[in-house]
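Some notes on the structure that comes next.
Laboratory data are not the source of any read-out in this text; all were calculated from the coordinates shown. Values in this document were obtained by computation on a predicted structure and should not be read as measured data. Cβ sites come from the backbone with ideal geometry, for glycine too, and all protein chains shown count toward neighbours.
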Amino acid sequence: MSISKVYAFYFTFCILLNGVDASTRRRRRNLYNDRPCSSGEHAILSASKKLVVSCEPCKANTYRVDVKHSLEECLVCEAGRYSSSDFTRCLGDICAKGTYGSLGSDKCLVCPAGKYSITGQFTCNECESGRHNNHPGSSDCLGDKCPSGKYGLLGQTSSSSCLACDCLSCDAGKWSTNGAGSCSNCIDGKYSSGDSDECSSHESCPSGSYYVNTPSPTSSDISCSKCIYASDVYTAAYLFSLIVSITYIIVFLFNPKTYCCVIVFAIVSGIFALSLFRCNSKPGDQIAIIAIVIDTIFLIYLKEIISVKAFTKKPVESNVCTRRAEEVGVV
């Protein structure tokens, strides 16, 4: 291929790619501007979210100024401000630090002692554990937060009122972040030993084992048991499947040509043995009973296909499996 043809192919590809990209952008703009809503309105979309059904005014104390596309939501006015009558902007001053406001009101209230706020909040925050303040209208609290793994009282107004701002240790099976007012319980499968900032995962049981009891959230100790020892029936089924599989393998290896089909039974019994060996939790006896029944059928069939002549390794016209099929009229 000549260089001119390569350049021609390259430029054609670029033009087509740009055309696809442009059409994609047009579709996106059509989606956003299908029915652009005015300032102070928001779009009601169809079930598919692809079409604008109608435009409705923003709710009280919300506003919207962006008309570039119809998916823009109305925004909530900050604390201390309220929406204009056309819902295109907010009026009033934002509540300052140490104060808070309510939705739709231009009045700001002072945070009480033991609490604080930053600009534009609707509620005041309680002083974290280990901290306090005794002045209404505070923007912060004094003292150091209780470290992770400990907890204390929240919203204290002085060091004496919070038990000298002592921080208490989280019990085993619980954890906390710094400044917490209480400790959280470890979720299932995790534990802590106390004074913990997080919970650790229990070790998994080895392959072919399961937890005898649900691991404790207060200790790393686990108790595991082999799947094959789940019950007497389960143990018997595992050993039976293993013996049947090995027996069929021996028969196949003794005379592969004559007993070629028995390898299928060896595989099936082996799969049963492997399934019984593995588990994620204490297994029931259902699969064990099924394995015993099928393996028993396999042994009965093995008795029918084995003959004394097979062990002489004399040439035969066809293998045992084929002859058996011919007798029952399959071939």
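Each residue, SER281 and HIS135, gets one label point 7 Å from its Cα in the Cβ direction; the gap between the two is 5.8 nm. For the stretch 222-229, the Karplus equation 6.51 cos²θ - 1.76 cosθ + 1.60, evaluated at θ = phi - 60°, returns couplings of 10, 10, 10, 9, 5, 4, 5, 9 Hz by residue, with Gly and Pro reported as x.
Dividing the convex hull volume of the alpha carbon atoms of the stretch 229-296 by its residue count gives 66 Å³ per residue. Taking 0.36 nm per residue of sequence separation and removing the Cα-Cα distance, the SER204/SER223 pair yields an extension gain of 5.8 nm.
Evaluate E = 1/(1 + (r/R0)^6) for ALA60 and ASP166, where r is the Cβ-Cβ distance and R0 equals 41 Å; express this FRET efficiency to the nearest 0.05. Could the numbers behind the result be given before it?
Details: r = 46 Å, r/R0 = 1.13.
For ALA60 and ASP166, the calculated efficiency is 0.30.
Please give the FRET efficiency for ASP144 paired with ILE118, using the beta carbon to beta carbon distance and R0 = 30 Å, rounded to the nearest 0.05. Let's see the in-between values first.
Working: r = 20 Å, r/R0 = 0.65.
Taking R0 as 30 Å, the efficiency between ASP144 and ILE118 is 0.95.
Given their separation in residues at 0.36 nm each and the Cα-Cα distance between them, SER193 and ILE297 gain 32.1 nm when the chain is fully extended. A simple charge model with +1 on the Cβ of Lys and Arg, -1 on the Cβ of Asp and Glu and nothing else charged puts the dipole of the stretch 137-226 at about 180 debye relative to its Cα centre.
The H on the amide N of GLY130, modeled in the peptide plane, is under 5 Å from the matching H of CYS146, LEU153, each at least 5 residues off or on a different chain. Derived scalar couplings between HN and Hα for the stretch 115-122 equal 9, 8, 7, 10, 4, x, 8, 8 Hz in order, rounded to whole Hz, by the Karplus curve 6.51 cos²θ - 1.76 cosθ + 1.60 (θ = phi - 60°), x for Gly and Pro.
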